[in-house]
Amino acid sequence: MKYILWTGAMAVALSGAAAPALAHHSLQSEYDINQSITLKGTVTKVDWVNPHVYVYLDVKDDKGAVTKWAVTTLPPGNLRRGGLTRDLLGYGETVSILAFRARDGANLAFLRTITFADGHKLEIWLGDASKENP
Amino acid sequence: MARAMSSLVAAMAIAALCASPALAQRRTADGHPDLSGVWAGREEAVKALAPGQSTRILFPVRTNPDDKRIFDEMDRAAKERQAAEPNKPPYKPELAGKVQLLSDKRQFNDPAFYCKPLGVPRLGPPSQIVQTPGLVVLLYQGRNTFRTIPTDGRAHNADADWTWNGDSVGRWEDDTLVIDTAKLVEDSWLGADGWFHSNKMHVVERLSRKGDALTWAATVEDPVVFTKAWEMTPRNLKLNPNPKALLEEDPPCLEQDGPHIVTDDHH
């Protein structure tokens, strides 16, 4: 698995913009880290926009009823520097997404991992890899 | 004798250093320092992953990726940085409450959060400079922003309307490009910490180049809200060493989170 870690200094140095990356709103104010959810469905749209990229998903239940979900992640600049492009986010494909739900109960969540039908995974997350357990 | 020799050696070393390409001052035909170049990005172009390739991208937060406090940690670290910021704008004492209120509610008030332009001077230094005789063009990758700075001696445009980046004129003071900007709309902020301003704000930026380093400094005057001029913390940039480096288009800004924010937590 290719592994990319952005240090704070690198992120600021490479952004070329006045505001540091992810200078947008607090994730804590919108998403609940204690409410993880796994969504299995078809990606119907990818919004490659600032300040956050959005992936839209149709999720079918056992009876075939479709629920629409929106899953958001880092800004497009961060994804781009990590080697991602919009067409790698699964438009038209069936995927499984691990994410954290919005506090207001909307069908909205903050992405952690997308797993594709062939088994490959994109993890787009936060943290300091040096502090992970080996 | 030994002292004379060591002085000579030191002088030769300094002369050699000054003659090195890294420190030599590049100049344009009219004798001014050449500020042209890409002052952002990295030397090698971004490589896209192959289809089907797994990857992991971590946005830097100083905690374990599996820490349940990871969202909190982002806010805490940002607040710590802000509290430690030694260079805050000199607001009039009677405005301290307004600044604090705006700061506390920044999630709902900061224009930049809602895709408005950053505006001068929050834009900071440019990502690229294109210098021609009589005109300097400043390009900012963030939000695909441009500014045109006439350096032909003209005065401010008396008919200019108030805008986010204002009306700018430039002049050379020795080897420094001085950009004077007025008519800035009061809608922008100077930073995310509730730093508002009036439409009487006047900004003077200074750009200077030493070798492959560019320094941007700015003085902000606003007699309506400040007790004195505010010297912003200078920013230093390094020239992109790749002569073929190009800025990339910034995707559009479409804010969709505001209606889902349910607490006052903020960075």
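Some observations on this one:
- Fluctuation leader among B:Gly166, B:Gly119, B:Gly31 - chain B, Gaussian network, Cα springs under 10 angstrom: B:Gly31
- Under 10 Å, Cβ to Cβ, from B:Ile179 - net charge with Lys/Arg +1 and Asp/Glu -1: +1
- Here chain B is scanned for GluC sites (Glu not before Pro) in DSSP loops (not H, G, I, E, B) that have at most 11 other Cβ atoms within 10 Å, and the longest stretch holding none of them is B:45-248.
- Expressed in Å, the radius of gyration and Dmax of the Cα atoms of the stretch B:187-267 are 17.9, 49.
- Carbon plus sulfur fraction of accessible area for the protein assembly as shown, probe 1.4 Å, in percent: 56 percent
- Gyration tensor (alpha-carbon) shape descriptor, the stretch B:114-267, a/c threshold 1.5: oblate
- Per-residue mean of C-beta atoms belonging to partner chains within 10 Å, peptide A:97-110: 2
- Close amide H partners of A:Leu74, meaning residues 5 or more places away or on another chain with modelled amide H under 5 Å apart, are A:Val53.
- Out-of-range pairs (alpha-carbon distance over 27 Å; input B:Lys210/B:Lys244; B:Lys92/B:Lys183; A:Lys68/A:Lys121; A:Lys68/B:Lys116): A:Lys68/B:Lys116
- Of the trypsin sites (Lys or Arg not before Pro) found in the stretch B:110-171, those in coil by DSSP whose Cβ has at most 12 other Cβ atoms within 10 Å are B:Arg154.
- Per-residue Karplus couplings for the stretch A:35-48, computed as 6.51 cos²θ - 1.76 cosθ + 1.60 with θ equal to phi - 60°, are listed in order as 10, 7, 8, 10, 10, 10, x, 9, 6, 9, 6, 10, 9, 8 Hz, Gly and Pro entered as x.
- Whichever aspartates and glutamates have a C-alpha closer than 19 Å to that of B:Lys47, once near sequence neighbours (fewer than 8 apart) are set aside: A:Asp87, A:Glu123, B:Glu248, B:Glu249, B:Asp250
- Hydrodynamic radius by Kirkwood, which averages 1/r over all alpha carbon pairs of chain B, in angstrom: 21.7 Å
- Converting phi to 3J(HN,Hα) with the Karplus coefficients 6.51, -1.76 and 1.60 and the offset θ = phi - 60°, the stretch B:44-49 yields 9, 5, 5, 9, 7, 5 Hz in sequence order, with x at every glycine or proline.
- With contributions of -39500 (n - 2.57) from each DSSP H run of at least four residues, the per-residue ellipticity at 222 nm computed over chain B stands at -5000 deg cm²/dmol.
- In chain B, the longest principal axis of the Cα atoms and the axis of helix B:70-83 are about 60 degrees apart.
- GNM result for chain B, Cα springs below 10 Å: residue of B:Gly191, B:Gly142, B:Gly52 fluctuating most strongly: B:Gly52
- Note on the stretch B:75-131: Rg/Rh from Cα positions, Kirkwood definition for Rh, rounded to two decimals, is 1.03.
- Net charge over other residues, Cβ less than 13 angstrom from the Cβ of B:Trp162 (K, R count +1; D, E count -1): -3
- Positive contributions from Lys and Arg (+1) and negative ones from Asp and Glu (-1), summed over other residues with Cβ under 10 Å from the Cβ of A:Pro51, come out at -2.
- Kirkwood hydrodynamic radius of the protein assembly as shown, from inverse mean 1/r over distinct Cα pairs, in Å: 23.5 Å
The values are calculated or read from the model by the stated rules, or taken from the named source; none is laboratory data. Please read these numbers as outputs of a predicted model, since none were measured by experiment. Positions of Cβ are backbone-derived with ideal geometry, glycine not excepted, and every protein chain shown enters the neighbour counts. To get the accessible areas, we keep the full protein, side chains included, count just its heavy atoms, and leave off ligands, DNA and RNA. Shrake-Rupley method; radii C 1.70, N 1.55, O 1.52, S 1.80 Å.
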